[in-house]
Amino acid sequence: MRIGHGVRPLSGFVMVLAYSRAVVALFILDQTLESFLHGHVEAFAA
């Protein structure tokens, strides 16, 4: 993904919620533990 004059990799976080089978997808710019946990928080909030 181009941001300003640089290029950054784009990663996706996808989670299928067990009970509802809802699919939650987020796109992030890094693969840190903080982003991974944030993906879980967003999925459970949905």
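Computed quantities for the displayed model
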| item | result |
| --- | --- |
| Residue within the stretch 33-41 that is assigned to a strand (DSSP E or B), over 9 Å from the mean Cα position of the chain (by Cα) and of a type outside the set (S, T, N, Q) present | no |
| Where a residue in the stretch 29-40 is farther than 9 Å from Phe13 by Cβ and its partner, wherever it lies, is charged (D, E, K, R), with Cβ under 6 Å and at least six apart | Leu29/Arg8 |
| Scan of the stretch 1-28 for residues that are assigned to a loop (DSSP other than H, G, I, E, B) and free of Cβ contacts under 8 Å to residues at least 24 places away in the same chain, ordered by number | Gly4, His5, Arg8, Pro9, Leu10, Ala18, Tyr19, Ser20, Arg21 |
| Out of Gly39, Gly12, sole residue that is at pLDDT 90 or above, of a type in the set (Gly, Ala, Ser) and surrounded by 13 or more Cβ atoms within 10 Å (Cβ to Cβ) | Gly39 |
| Failed condition for Phe44, given (1) assigned to a helix (DSSP H, G or I); (2) modelled with pLDDT of 90 or more | (2) |
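The values are calculated or read from the model by the stated rules, or taken from the named source; none is laboratory data. It should be emphasised that the depicted structure is a prediction, and the values quoted were computed from it without experimental measurement. Don't worry about glycine lacking a Cβ; one is built from the backbone with ideal geometry, like all the others, and counts go over all protein chains shown.
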